[in-house]
Amino acid sequence: MSSASVQIIQAVMLLLFAPLAAGFISTCKARLQNRRGAGVLQPWRNLRKLFKKEVVMAHHASWVFRFAPYIVFTATLMAASVVPALLVDTPLSLTADVIALVALLALARFFLALAGMDIGTAFGGMGASREMTFSALAEPAMLMSIFVLSLSAHSTNLTTMITHTINTPFALHPSLAFAMVAMVMIAVAENGRIPIDNPTTHLELTMIHEAMILEYSGRHLALLEWAAMVKLLLFSTLIVDLFMPWGMTAQADLTGVAIALGLWMVKVAGLLFVLALFETSMAKLRLFEVPEYLSGAFVISFLGLLSYYMLEVGA
Amino acid sequence: MSAILIQQLVDGFAALMLLTSFALLAQHRMLSVLHWFAGQGLLLAATAAIVAYGTDNEELYISALMALLLKGMLLPWLLRRVIRQLHVHREVEPLMNSSMTMLVALGVTLFSFHIIQPIEKTSLLMTRDSMAIATACVLLGMLMMITRKKAITQVIGFLAVENALFFAAIGATNGMPLVVEIGIAFDVLIAALIFGLFFFQIRTTFDSLEVDTMNAHLIHKDDDE
Amino acid sequence: MNTAIILALAACSMALIAALAPLLLRQPVAQRTGLSLLLAASGLLAMIAGICGLILGGDTLILPLGLPWMPMHVRLDALASFFCLVIGSLLLPVAIYSQGYLRDETRLTSLAIFMPLFVLGMLGVVLSDDAFTFMLFWELMSVSSYFLVTFKHENLENRKAGFIYLLMAHMAGLLILGSFAVLYAAAGSFEFSAMREAAISPFWASAAFLLAGFGFGTKAGVVPLHGWLPEAHPVAPSNVSALMSGIMLKVAIFGFIRVCWDLMGSGDFQWWWGALVLAAGSSSAITGVLMALQQHDLKRLLAYHSIENIGIILIGLGLSMLLAHFGHPMLAALGLVAALYHTINHALFKGLLFMGAGAVLHSTGTRDMESMGGLIHRMPWTAALFLVACLSISALPPFNGFVSEWLTFQTALMAPQMGGALLTAIVPFSAAMLALAGALAATCFVKVFGVVFLGHARSEVATSAHEVDNWMKVGMAIPAVFCLLLGLLPVLFIPLMDRVPQLLLHASLADSIHAHGWLWLTPIDVAHSSYSAPIVLIGMLVLGGLAFWLLHPKGRTIRRSVMWSCGNPHVNARMQYNATSFSQPLRRIFAGIYRAEEELHIERSRHKLLADSVHYAVHVGDMAVQYLYQPIGKLTLYIAKLLQHEHQRGIHAYLAYTFITILFLLAVYI
């Protein structure tokens, strides 16, 4: 199998498994709360229903509102196809490094925020304002974690970083531990999960992501929800790639890819279960405690940097 | 266990020590501060045990046990009793807001790293990397004492400084002589007991345990006389 | 004499002719056309001169103008060619834009004289090769821009803005003169070629660096010397603001690079220079964007963003200085290229933003964002072009802003451990601050585009806005196209820019950039990092087109209805978010920095639980002005008051002063 075909399989896999991942999380949460839950396939059913429904737009919605779902969806999908999940060295991984990946997601967020402002309701403006503010405050922590990761691998290219982690013998690196904690905290913030935002809330004043997409219907809403699910799976894959990449295959042969696929599913499922556990046991933070959470993530990643220089370079 | 693994464990514990010092500064609730303080005690015990194993130093095992009992269990229990009986308001009240404190803490850590770097190079011990972290933890404990309004949190800051000094001792000289260690431990224990007694007395006289209120009361007392 | 320098001098002559043209052309229509035509020609010539200079190499020339014993030295080297390109690439579209923008003005004479003089000053500064020519054209640039800023001098606030602008420009000029004096003392001659060769002691080199840094920094708008920028840029006519923000700030950066890197030499950098520039850049970036977020005057907001972007350029320059000092020439070249790329990017997208703001001002008559809204329906072309600029300044792919920020990040991330703990930590900290500034800029531009163009119209002026004419559209379209090209094809542009680090640092990036062909940008090594904008764009277009084609129902148009608004569609235009409310979370988070003054007044005439009207006002002042400028101003006035008495003594006092001075001079000199 050529690496190009594995690349395509990877991208399609991330796209198709994303609703499944979202369903897995909600089922875990349901079981933890002593409920049955709607089933792992429910997000699939929701998307299918939404795609069939008619779209209704406000009279004064502009082309920004109309085309934002497509831009958000394609930017997120493009970012997802750049992240290697099964094969370490894919053709597209040279297209964008980690920083460009973050920028693609920022492009999606920009248009989502504009779409929120377009209709001129207070809810859309509120969602846009909060989303852009908190994602701006999350950027320094994200960059600092990436910096700590790139220090030992001397690169921001995902393939190089994964190869470096696989090839170095296992050792306890405090800097990587700190970077992982910071990255997980940022991933929770970026995807709008508890404790930053409640993805299942119906109270408008507590919404951040939902408030921006309040006016959407039909296939547009389906694209936006699917993009959010792909983003969650993308972040999970990224964390698995950067911190626990063992099992990913270097050659594009069938057995290697199959094993990598199995291991990837196990690792991502574990990560998502831990997320469900945290979501069940914590309450959403008050809005103005979120900057403290984000600066805490920055402090932890900066500690990772300091412990790299203090403990790992001197030795 | 190989020497490299022991070295890495010590480094890992040093990093966790730094994390606990930061966490002490970041907490909002009094009981969380106590929990992190107890955690720091456990961490110290573990570090002492590992270093004892690595250097075959019997005395350090005893130090580890004392750290576990005193700092990990007895002191937190005493302080929790004091907090309960005094009905202290459960929130930590800092002088500057949380983000500012964090930035200053980062600056202090960077400063201690800068200062200790040349000294670290001259040491041959397995724990030399942790000297900078130990210095940083001492300074962070002092920072905690400076930036808190409640007397109890200032005492915990003082105890955190003592913890960090213990850690520094393990790092710099592979533990202090046992006699010194036992002496210091009992001094700290007596200090904690006396603090507890004093808190009762202060509380009865001033109706509050906030340092500023005590100050104000004293000033007014001078005015009356 | 090669082609490039002839073209550059031709550009200068065009500007000079344009300045003299109002002597012959008296009618406003003729003046406007003459101005636009000649300045467009000048811009085109400058652009071609810049490109030729970068490809073919430059030349020097001595013109028999100026003082008898000090003729004008002119040099077009790689650095000057690059900045000629920057000047030309914005001047051309602004000139075309002016043809439409100035249509409604009746008295154009001062604009028609001083705008070409301003351009002549900038071109002269870039081309000059000795200190006297440099200062001559620098002052020409400053003074003519003063007249441009106070074009509408009937307004009191315009006159005040002009005053503080002139004051700080003169202070900058004095500091720059000071640094040239130090260099003259070391070299013995005013010519730059002598200054390059001269040896200079580290103490005097630091003195020259500090004087040049503060002088050029004032003119570039580095915090805390930026007090004039948010006052002067909004009150000038929008085409002039575009030139000032887009080009004049860059000429200050050019001056700084010329004095520190070229005349003093990159081998002489001391470690704290780079650290100081890096710190100044980071604080300018953060302060600029935080202040910009709280503005509701569109042009003032854009002026604060200029401060932020100058900070980003300085971060690249500071990194480069640090890396050069610690002996990493390749990475230093990368930092320099990143800073220069951001220079041309900022010129283009800031010029486009100011032209768009001018279009909105022209159309609605106001700069206040709180009265706008829904303009995308009334001004679709302006909105689309403004969106391109918003995407570029927010550093989003596939536009040009992202490429320069990416290159700056790569420089910071690849920098090895340098010096002690302080330097090792300052580099990643600055990179984190750069990330924060970039993300906050995106926040601010969601606010700008959302409040101005999207939503409902908030006032009468917004409902009656009209689209602008073709001249202004073409003027705005040209930088938009350049932004896209610079974003998609950095691999073609960087080898052109590569001449500058070759000249200043003797290091070249050409091999590594080209390593994988025109499609991939690999600044150091493909294993380190790479980015391919065309593939990203094509990928997105393919995926998006596929999604649209599969999903869009053929033939039917989308049904329109009232907005959902959670089942309550009876909202009026005042209920939507505006600029002040959008930035409220940040105002609260950074309350310590802003120290906003708030006023809330609720009227309850009928019952204490029923509010009849609510009046809320919030004012965020500039901290540098409040805590630095005003105290200095008060101190100066106080000293002046003390000395006031000395003016009013009688004739005996003055005779006594003269007598004492004669005694003193006799004692000292004999």
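Descriptive notes on the structure:
- Options A:Glu210, A:Glu215; residue that is at pLDDT below 90, over 30 Å from A:Leu94 (Cβ atoms) and not β-branched (Val, Ile, Thr): A:Glu210
- At least 3 residues being at pLDDT 90 or above and open to solvent by 30 Å² or more (accessible area, probe 1.4 Å) is the threshold, and among the helices (runs of 4 or more DSSP H) wholly inside the stretch C:446-520 those reaching it are C:470-488.
- Selection from the stretch C:610-640 of residues that are part of a helix (DSSP H, G or I), open to solvent by 100 Å² or more (accessible area, probe 1.4 Å) and within 19 Å of C:Met291 (Cβ to Cβ): C:Tyr627
- Of all residues in the stretch B:109-123 being crowded, with 19+ Cβ neighbours inside 10 Å and of a type in the set (Val, Ile, Thr), the one that is modelled with the lowest pLDDT: B:Ile116
- Among the residues making up the stretch B:25-82, those that are more than 25 Å from B:Ala105 (Cα to Cα) and among the polar types (S, T, N, Q) are B:Thr55, B:Asn57, B:Ser63.
- The stretch C:581-609, subset among the basic types (Lys, Arg) and open to solvent by 90 Å² or more (accessible area, probe 1.4 Å), residue nearest to A:Met132 (Cα to Cα): C:Arg588
- Scanning the stretch A:210-241 for residues that are part of a helix (DSSP H, G or I), in contact with a Gly (Cβ under 8 Å, 6 or more places away or on another chain) and crowded, with 24+ Cβ neighbours inside 10 Å yields a count of 2.
- Residue list for the stretch C:581-609, restricted to those being hydrophobic (A, V, I, L, M, F, W, C) and in a helix (DSSP H, G or I): C:Phe582, C:Leu586, C:Ile589, C:Ala591, C:Ile593
- Qualifying residue in the stretch B:56-76 (condition: among the small types (Gly, Ala, Ser), buried (at least 20 other Cβ atoms within 10 Å of the Cβ), in contact with a Leu (Cβ under 7 Å, 6 or more places away or on another chain) and within 14 Å of another protein chain (Cβ to nearest Cβ)): no
- Of all residues in the stretch A:153-186, those being in a loop (DSSP other than H, G, I, E, B) and away from every other protein chain (no Cβ under 12 Å) number 1.
- Which numbered condition C:Ala442 fails, given (1) aliphatic (A, V, I, L, M); (2) more than 10 Å from every other protein chain (Cβ to nearest Cβ); (3) crowded, with 23+ Cβ neighbours inside 10 Å: (2)
- The criterion of at least 1 residues that are farther than 30 Å from B:Phe206 by Cβ and more than 15 Å from the chain's Cα centre (by Cα) is met by the following helices (runs of 4 or more DSSP H) wholly inside the stretch B:1-99: B:3-26, B:30-55, B:58-66.
- Scanning the stretch A:122-141 for residues that are facing chain C (nearest Cβ under 7 Å), of a type in the set (A, V, I, L, M) and closer than 23 Å to C:Phe409 by Cβ returns A:Met132, A:Ala136.
- Within the stretch C:414-423, tally of residues that are free of Cβ contacts under 8 Å to residues at least 24 places away in the same chain and open to solvent by less than 10 Å² (accessible area, probe 1.4 Å): 1
- Under the condition of being open to solvent by 10 Å² or more (accessible area, probe 1.4 Å) and facing another protein chain (nearest Cβ under 8 Å), the residues counted in the stretch C:526-540 number 6.
- Filter result (more than 14 Å from chain A (Cβ to nearest Cβ) and among the basic types (Lys, Arg)) within the stretch C:445-482: C:Lys473
- Looking only at residues in the stretch A:90-106 that are over 21 Å from C:Ala432 (Cβ atoms) and open to solvent by less than 10 Å² (accessible area, probe 1.4 Å), the one that is nearest to the other protein chains (Cβ to nearest Cβ) is A:Thr95.
- Screening the stretch C:411-433 for residues that are assigned to a helix (DSSP H, G or I) and in contact with a Ser or Thr (Cβ under 6 Å, 6 or more places away or on another chain) and picking the one that is modelled with the lowest pLDDT gives C:Leu413.
- Residues satisfying the stated conditions in the stretch C:558-580, i.e. facing chain A (nearest Cβ under 10 Å), among the hydroxyl-bearing types (Ser, Thr, Tyr) and either crowded, with 18+ Cβ neighbours inside 10 Å or part of a loop (DSSP other than H, G, I, E, B) (or both): C:Ser565, C:Tyr577
- When C:Leu353, C:Leu302, C:Leu348 are checked against the criterion of being aliphatic (A, V, I, L, M), in contact with a Cys (Cβ under 7 Å, 6 or more places away or on another chain) and at pLDDT 95 or above, C:Leu348 stands alone in meeting it.
- Verdict on C:Gly53 being open to solvent by less than 30 Å² (accessible area, probe 1.4 Å) and touching a strand residue (DSSP E or B) at 6+ places or on another chain (Cβ under 9 Å): yes
The values are calculated or read from the model by the stated rules, or taken from the named source; none is laboratory data. Bear in mind that the values here come from a model prediction, so they are computed numbers and not experimental data. Heads up, the Cβs are rebuilt from the backbone with ideal geometry, glycines too, and the neighbour counts pull from every protein chain shown. Just the protein is used for accessible areas: all its heavy atoms, side chains included, with ligands, DNA and RNA removed. Shrake-Rupley method; radii C 1.70, N 1.55, O 1.52, S 1.80 Å.
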